[in-house]
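Participant: Sharing a structure with you now.
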Amino acid sequence: MSFNSNIFQDRVVTLALTIVVLIVVSSIIWPQQFFSLENLSLVLLNLSIDAIVAVGMMILLISGAFDLSVGSVVAFAGGFAGYLMYYWGVYVPVAILAALAVSVVIGFVNGWLVAKVGINPLIQTLAMMGIVRGLALMVSGSGIQNLPDSFNRLGQAQFLGFQLPVWYMIAIVIIFSFLVARTIFFRRYYYIGGNEKAALLSGIQVGKMKIYSFILMSFLAGLAGIILASRLGAAMPTTGQGLELKVITAVILGGASLLGGQGKIVGALLGTLFMGIIANIMILARVSGYWQQIIFGIILIAAVAIDLLLQKRADRMATALVKMKQFEKFDT
Amino acid sequence: MSFNSNIFQDRVVTLALTIVVLIVVSSIIWPQQFFSLENLSLVLLNLSIDAIVAVGMMILLISGAFDLSVGSVVAFAGGFAGYLMYYWGVYVPVAILAALAVSVVIGFVNGWLVAKVGINPLIQTLAMMGIVRGLALMVSGSGIQNLPDSFNRLGQAQFLGFQLPVWYMIAIVIIFSFLVARTIFFRRYYYIGGNEKAALLSGIQVGKMKIYSFILMSFLAGLAGIILASRLGAAMPTTGQGLELKVITAVILGGASLLGGQGKIVGALLGTLFMGIIANIMILARVSGYWQQIIFGIILIAAVAIDLLLQKRADRMATALVKMKQFEKFDT
Amino acid sequence: MPLPSLSYLIDPDEKDRIRLRLKNISKRFPGVLALDQVNFDLKVGEVHAICGENGAGKTTLMNILSGNLQPDEGSIFLHGDEVKITDPQEAQRQGIGIVYQEKSLVGNLSVADNIFAGNQPVSKWHLIDRRKLINQTQQLLRKLGMHDIDAHGRVDKLSPGKQQMVEIAKALSRDPQILILDEPTAAISEQDTKVLFKIVRLMVSQGKSVIYISHRMSEIFEVSDRVTVLKDGKYQNTLGTKDTNVNEIIRLMVGRDIKEFDYQNLSTSEVVLSVSELEGDRFKNISFQLHRSEILGFAGLVGAGRSEIAQSIFGVTPDTGGQVLIRGKKVKSNEVANAIENGLGYLPENRKEQGLFLEMSVEDNISSVKSNTQTRGIFIERKGNAALTEEFVRQLNIKTPSGKTKVVSLSGGNQQKIVLAKWLAVNPDILIVDEPTAGIDVGAKSEIYQLLNQLTMAGTSIIMISSDLPELLGICDRILVFRHGRITADLSREKFSEEEIMHYSSGTKDMYREKI
Amino acid sequence: DPSKGAYTREQSSEVEVAKPVDENEEYVMVTTFVNFPMYVNHDQAAFLRWGKKMGVKTTVLGPTEWDVVAQIGVIEQVIPSKPAGLLINGTDPAIASAIDKAVDAGIPTVVYDSEIPNSKRHAFLGTDWYEIGQLQGEALVELIHGKGKIAYMGLVGQTNMENGFRGLLDVVKKYPGIEVLGKYDSKGSTENAAKITADLIAANPDLAGVCGFDAISGPGIGLAIKEAGKAGKIKVTTVDWEPEHLRLVREGVIDVLIGQKRELFTWYGAQFLYDMVHKTNQLSADDQKAGITNVPFAVNTGLLKITKDNIDLFDPSK
Ligand SMILES: Nc1ncnc2c1ncn2[C@@H]1O[C@H](COP(=O)(O)OP(=O)(O)OP(=O)(O)O)[C@@H](O)[C@H]1O
Ligand SMILES: Nc1ncnc2c1ncn2[C@@H]1O[C@H](COP(=O)(O)OP(=O)(O)OP(=O)(O)O)[C@@H](O)[C@H]1O
Ligand SMILES: [Mg+2]
Ligand SMILES: [Mg+2]
């Protein structure tokens, strides 16, 4: 039978463990401030946008690509929906659909140029990052205030103690965790990322699949942008700046690899959660000014190094176990 | 015999061609402004820092890695040298050497953690980016003005119509072009980037070589930072922000691949030159505001797409040529 | 997936019907005309072998059939109708299944996921049914006699031989009408080959057709009905296997007779390598000595641990016990560079993953070890490397447009020759070769044996790991047999025979144990 | 010297002839982060409006990121095209050498927003960031009655902001009841500012006040405070008065805005350039030779303070 007890080899497990340790330690040090529902709800709310984008980025990274234009798409989708609602008085659902549709088009252009023309994803999505940021500034100028109440409620209403974006995030993570684990369609991204040539030889239509993944990425970024705009009650063209790197880092922390073929959706959530918790802890610890960046960097490195150590230790244990089993076999 | 006529398959050639076309067209449109020694000298001056960093990044990318902390190292090295000179009155060469030494240490830490501990280069260098930015803020606060004249001359003096940083850049590009093309040491990075496992089995000390490449990268970034500080006559803690992405883009434009094993040093220069010329053209054409980002993105995509097309066309031509040759053979 | 059952046998009239016909197929690559007006036909219920030297165009022809390449000229007929096989998916739809010469598995996915890539069994909600997936995988593996492959296990944890069996299972999982096997036995053991042939015969008996490519003449004569020979991309002839013989085919392939390798014993009594009580993750108690100018064979079944022991000696994997002495000197473990400095060389079995720099030139590959470990100077010796390359291209008859050609565009056998050349170039004191002739054509094989023999004449000692038993028998002075990470026999030339070795490797005999 | 004044009066009739308006006369503004909405809607809008009114060409150039080195590059590359005048956003003292190059090339050069002290710029219009910090500090002290925990954020390391931070701290340190939690880097991102504020609130339920020093942190601080249900309880002062800020003041989330008169920077800055080019006020026979600039050397355009009480005057949208 397979040797499945070596769960420490799974980044999701070690990361979850690290997060639990962080939470326990912080709760002991700051018993009142850290471990409250209120605090948790705020932490989750503030990472909901990142986590939604991270889900799409995880799928892209599984397939061996990434997208730098997501931050711009976040700004643009919110701005475009806002523009339609505010200046043209478009009905809220229609504006949302229109903004999502345009996001999908952006994703299609990225995917098409990467998959069919063969432009390097870094260059393509970097160029698109600039283009879409320009468009975002164009549609929303200095920001569009006073969006319709029915729109704002989508991001501001509460449900069971959490603001809606938290629920959206949870829903998206659950849905995509399930889809990626269980459907043939999403499973293909593991083949593509694991060995593109082999995927092609196995009859997977790699080009098309790539286009779909970029479309999905832009769709989720657009959705995140709309949620952010409704949370802010305003569309601001400067939102989402630097988001791409933050999200890619979180996703890699969560078990993806730039080489592709690895990762689980829940890792995207854990990665963003981890970064969110560290930031939170630093504020609790009154780390200020330039020390924030320095200490954040050190914690990040330390956490990953510990994780690797855990994995190696687990590896060694696993091998030792296998060995015992094998030698038992010899001796009989 | 070898079939070498297919030079269009080399990105360096197609990119150089694209640049020549850009130059010719621009010289026709802006005969006085564009094609003057003065403009050329300014364009080169303004890309000298990027190009020096790009040389190191090219070597890293050839070996299959990259470094996001370079922008921070640029800021830190300038700041640290400035700090020593301004606050402690340290002798200029000593301050420069000290700043370079600290840069080398940063590179060593990056390389060691990536190669020996196995931390993902993206996460490692991103964390280092934050740490070093924090250090830069620590040493230079909101900037250090009034650096010694003898220091400023290093970046501001002219020689044969070009400011010194241009000459530094040219020297570094030539030296490393030569070293990478001709020495066994640097050649190893192609092997490592091409197939790390096979490189190891061929007796290359992959771990050590990786550490050296990160050290070289930080050294060049530190050098660039010192040159920049002396060019500005001031150390600014916010310099180099976003430099990493700009340089990686330029290097990939110049023929490198995130997968490693590909690229030439001169490609790093051509990549930055291409981006510098486009920036210059946009200034001459007085393209401004939103359009700047949009047009820049479109030009970038178009240039790469044309490049790919050229390559494909060249491929087809090569095959056709073979066909002709073969038929010749049959006829005799 | 319906498993073929023995009850259904095709009627004899069917047998002569042409299922597939290729007409005047040509294909060019930059620098080479890989296929030149090739004709080929495949009957219902036959095994049709294709022979040819390395680079003759066999794989290229199969790539055209499986939709990976489009022919420049020519047409393909299936059951008399012209078809266009635009991509691998189309080939699958047309019932063409292929086991590629090159690995087409995804390393970090499980065996089951690989076998049913993009084709997993689903439940009624169109969700992947993991249980069914695992069951079907196990069924298939059982049919292939691979009981010990874990359907959940990651593919990159398997030895290359087992990976090859997974590839075969993958092709069979789609129940193809035409199965293409492109050198399926290059990496697998004799026993697995037998299982494979059983399956091939079963398929043929059900009216399916098999195209079989191999450089092992014995296999071709064992399994095929007809043989087609290609030479330099040109069609030579198609012969009934019963009506021809090995020499005729080789003559068609090479254009001349191959001279037999004649064995010489050069082994001396000087010990150059002494391994004692070596222990690792999957092996234990490994002790043996290698003498100067000796050719020592390592025999054993797939997964017996031979490659791993070799890698441990070479310093790739950290050994967890025992010691390795080279000419009496202890070498540092876990440091390949150190091993090479001490005169050791290791030619890995998996050329693409461990041996080649695919995107680099022939010259860079051949000179890779030499320039990185033996050259004292700082600069690349371009002239020296070019001369070296030229020498080996000639000596091993490597088919390449030039020394500057990227290795990725060469045929499998030619790539293997390059990995070999890279080690021959440094002329190591002790050379461990792991499946050195995998995928190499008959002509070149005997050249390689000759070369190895020449090396021993110059004082080199060789350890040869091979799954090709006749090869070991033909060239070795002594053979160690391995089973489950242990040495079960140490046989000198007088004592070894195919039968003896099979006994020791399958566990029915053991020199070092009383009871079996 | 009274004779100088007399000289000017004498010459005034010749002013128009000095240099007629040429529609190809180009005034170039070089900033950084050129698409930043606040810059676009205030600085650039006023500058372009001025150009239209005067019938001259106006161009805005600069990198799209906050990249001072690139801004320097743009200044240097604009110089050879010899614009009539250069209007430069004083982003960092390090642009001094580029400004000097422009001045040495004979181009009238005016700096706005923040002073570049070591440069040869002809004139400066702007505000004193130290004063912005002081004003915020005074407002906050009053709002929290001189005691409680406060935090502040902005773009750490940027010269003008660091000056602002100093101004704030100098005020606050006089009140022993005030505890400064720390300085935070908004990184120019609304979401980041919101996240920092949310974490601050969670860590310090008794947080009394927050100050924001960049245009983007205001909305972020406001968002987090609203979402935590602490509007009005935590006092907020920020810089700038973009529509988003104004709305938050109306909603009672932000208490005090310290605004700059950015339109005045560029309108009068451009006018100074024009007056230099056209020698509108000539002070000597040859001002350049005499080393005189015929426009004010430094102008402080002053600040404005917006609270709930005067919001209607600034926000006509409601
Ligand atoms: N993608 C490619 N690009 C360029 N040349 C190629 C390519 N693929 C194959 N070739 C060339 O086509 C010729 C035929 O190669 P092919 O792989 O079909 O040989 P083969 O008969 O399968 O040889 P082997 O027995 O070594 O596997 C070789 O000369 C090879 O170099
Ligand atoms: N369970 C495993 N996990 C990881 N790697 C494995 C495992 N089994 C085998 N390998 C790898 O596969 C390679 C060959 O395996 P091994 O030495 O066991 O086989 P072998 O006797 O050489 O047989 P063959 O190569 O003919 O299959 C080695 O590189 C080894 O590291
Ligand atoms: Mg082949
Ligand atoms: Mg083996």
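Just so you know, all these numbers are worked out from the coordinates, no wet-lab data involved. From a predicted model like this one, the values you see are computed outputs, not experimental measurements. Glycine gets a Cβ as well: all are built from the backbone with ideal geometry, and neighbour counts include every protein chain shown.
Participant: Ordered by residue, what ³J(HN,Hα) values in Hz, to whole numbers, does segment A:112-127 give under the Karplus form 6.51 cos²θ - 1.76 cosθ + 1.60, where θ = phi - 60° and Gly and Pro are x?
Facilitator: So the J values, rounded to whole Hz, are 5, 5, 6, 7, 9, 8, x, 6, 4, x, 4, 5, 4, 6, 5, 4.
Participant: Amide H neighbours of C:HIS215 under 5 Å, counting only residues 5+ apart in sequence or on other chains, H built in-plane at 1.01 Å?
Facilitator: Sorted by chain and number, the residues that satisfy this come to none at all.
Participant: Counting only C-alpha contacts under 8 Å and six or more residues apart, can you give the relative contact order of chain A as a whole percent? Please list the in-between numbers first.
Facilitator: On the way: 506 pairs, mean separation 111.0, N = 332.
Worked out over chain A, it gives 33 percent.
Participant: Determine the distance separating the Cα centre of segment B:39-109 from the Cα centre of segment D:113-180; give it in Å without decimals.
Facilitator: 32 Å
Participant: Same structure again: For segment A:275-280, what does the Karplus curve 6.51 cos²θ - 1.76 cosθ + 1.60, with θ = phi - 60°, yield as ³J(HN,Hα) per residue in whole Hz, taken in order and with x for Gly and Pro?
Facilitator: Couplings: 4, x, 5, 4, 4, 4 Hz.
Participant: Which of the trypsin sites (Lys or Arg not before Pro) found in segment C:110-158 are loop residues per DSSP with 15 or fewer other Cβ atoms within 10 Å of their Cβ? Display every interim value, and only then the final one.
Facilitator: On the way: sites: C:LYS124, C:ARG130, C:ARG131, C:LYS132, C:ARG142, C:LYS143, C:ARG154, C:LYS157; in loops: C:LYS124.
Counting only loop positions with at most 15 other Cβ atoms within 10 Å, the trypsin sites (Lys or Arg not before Pro) in segment C:110-158 are C:LYS124.
Participant: Then there's this: Along its principal axes, what span do the Cα atoms of the protein assembly as shown show, with the longest given first and each in whole Å?
Facilitator: Dimensions of the protein assembly as shown along the principal axes of its Cα atoms: 122, 72, 69 Å.
Participant: Taking each residue in D:276-289, count the Cβ atoms of any other chain within 10 Å of its Cβ, then average. What number comes out? Kindly include the intermediate steps, with their values, before the conclusion.
Facilitator: On the way: counts 0, 0, 0, 0, 0, 0, 0, 0, 0, 0, 0, 0, 0, 0.
Shielding by partners across D:276-289 averages 0.
Participant: Grab the DSSP H runs of chain B that are 4 residues or longer, score each as -39,500 (n - 2.57), total them, divide by all residues and round the 222 nm result to the nearest 500 deg cm²/dmol.
Facilitator: Values: 14 runs with 253 residues, N = 332.
The helix-only estimate for chain B comes to -26000 deg cm²/dmol at 222 nm.
Participant: Loop-only GluC sites (Glu not before Pro) in segment D:219-284, please: DSSP not H, G, I, E or B, and at most 16 other Cβ atoms within 10 Å.
Facilitator: Numbers: sites: D:GLU227, D:GLU244, D:GLU251, D:GLU263; in loops: D:GLU251.
For GluC sites (Glu not before Pro) across segment D:219-284 that sit outside H, G, I, E and B with at most 16 neighbouring Cβ atoms in 10 Å, the list reads D:GLU251.
Participant: Scan around C:ARG483 for amide H atoms under 5 Å from its own, H built in the peptide plane at 1.01 Å from N, and keep only partners 5 or more places away or cross-chain.
Facilitator: Excluding prolines and chain starts, which carry no amide H, the hits are C:THR488.
Participant: Now a separate question. Which of the lysines could be linked to C:LYS132 by a straight reach, that is with a Cα gap under 17 Å, when you skip same-chain ones fewer than 8 residues away?
Facilitator: Filter leaves C:LYS124, C:LYS143, C:LYS170.
Participant: Taking beta carbons within 10 Å but only from partner chains, what does the mean come to for residues B:233-243?
Facilitator: Details: counts 6, 8, 1, 10, 7, 12, 6, 2, 8, 6, 2.
Mean inter-chain Cβ contacts per residue within 10 Å come to 6.
Participant: So how far apart, in nm, are the two label points at A:VAL105 and D:LEU313 if each is 7 Å from Cα heading toward Cβ?
Facilitator: 4.6 nm
Participant: For peptide A:107-115, what's the mean number of Cβ atoms from other chains within 10 Å of each residue's Cβ?
Facilitator: Working: counts 0, 0, 1, 1, 0, 0, 4, 0, 0.
Across A:107-115, the average partner-chain Cβ count within 10 Å equals 1.
Participant: Follow-up question, since we're still on this one. Relative contact order for chain C: what percent, with Cα pairs under 8 Å and sequence separation of 6 or more? Spell out each step's value before the answer.
Facilitator: Values: 1053 pairs, mean separation 80.1, N = 516.
It comes to 16 percent, rounded to a whole number.
Participant: Looking at chain C only, what percent of DSSP beta bridges run antiparallel? Nearest 5 please. Show your work: numbers first, answer last.
Facilitator: Values: 43 of 80 bridges.
Bridges in chain C are about 55 percent antiparallel.
Participant: Please list, in order along segment B:161-168, the HN-Hα scalar couplings obtained from phi with the Karplus expression 6.51 cos²θ - 1.76 cosθ + 1.60 (θ = phi - 60°), rounded to whole Hz, x for Gly and Pro.
Facilitator: x, 10, 6, 3, x, 4, 5, 4
Participant: Treating cross-link reach as a plain straight distance, find the aspartates and glutamates whose alpha-carbon is under 12 Å from the alpha-carbon of C:LYS406, omitting any fewer than eight places away in the same chain.
Facilitator: The qualifying aspartates and glutamates are C:GLU359, C:GLU363, C:ASP364.
Participant: In the structure displayed, which of C:LYS352/C:LYS417; B:LYS312/C:LYS399; B:LYS246/D:LYS120 lie more than 22 Å apart, Cα to Cα? Could you put the intermediate results ahead of the total?
Facilitator: Working: C:LYS352/C:LYS417 12 Å; B:LYS312/C:LYS399 25 Å; B:LYS246/D:LYS120 32 Å.
Long pairs (Cα-Cα over 22 Å): B:LYS312/C:LYS399; B:LYS246/D:LYS120.
Participant: Sequence-distant or interchain residues sharing an amide H contact under 5 Å with D:VAL180, placed H: which?
Facilitator: D:ILE150
Participant: Using a Cα-Cα cut-off of under 18 Å, which lysines could be cross-linked to C:LYS242, ignoring same-chain neighbours fewer than 8 residues away?
Facilitator: List returned: C:LYS15, C:LYS43.
Participant: Which of the residue pairs D:LYS149/D:LYS173; C:LYS103/C:LYS422; A:LYS116/B:LYS264 have a Cα-Cα distance greater than 20 Å in the structure shown? Display every interim value, and only then the final one.
Facilitator: Details: D:LYS149/D:LYS173 12 Å; C:LYS103/C:LYS422 22 Å; A:LYS116/B:LYS264 26 Å.
Over 20 Å apart, Cα to Cα: C:LYS103/C:LYS422; A:LYS116/B:LYS264.
Participant: For chain C, what is the calculated [θ] at 222 nm in deg cm²/dmol (nearest 500), taking -39500 (n - 2.57) for each run of four or more DSSP H residues and dividing by its residue count? Provide the component values of the computation, followed by the final result.
Facilitator: Numbers: 16 runs with 157 residues, N = 516.
After summing the helix terms and dividing by residue count, I get -9000 deg cm²/dmol.
Participant: Something else: Kindly rank A:211-223, B:134-146, C:443-455 from highest to lowest mean number of other beta carbons found within 10 Å of each residue. Provide the component values of the computation, followed by the final result.
Facilitator: Working: A:211-223: 25.5, B:134-146: 22.2, C:443-455: 18.8.
So the order, starting with the most tightly packed, is A:211-223, B:134-146, C:443-455.
Participant: Something else now. Quick one: check the C-alpha center-to-center distance for segment C:381-437 versus segment A:121-135, whole angstrom.
Facilitator: 44 Å
Participant: Next question, about the same structure. Please give the calculated 222 nm ellipticity per residue for chain D, where each DSSP H segment of at least 4 residues contributes -39500 (n - 2.57) and the sum is spread over every residue; nearest 500 deg cm²/dmol?
Facilitator: On the way: 13 runs with 130 residues, N = 318.
One gets -12000 deg cm²/dmol as the mean residue ellipticity at 222 nm.
Participant: Now for a separate question. Rounded, prolate or oblate: which one fits segment B:3-307, using the alpha carbon gyration tensor with axes a ≥ b ≥ c (rounded when a/c is under 1.5, else prolate when a/b beats b/c, else oblate)? Intermediate values should be presented prior to the final figure.
Facilitator: Details: a/c = 1.72, a/b = 1.04, b/c = 1.66.
Verdict is oblate for segment B:3-307.
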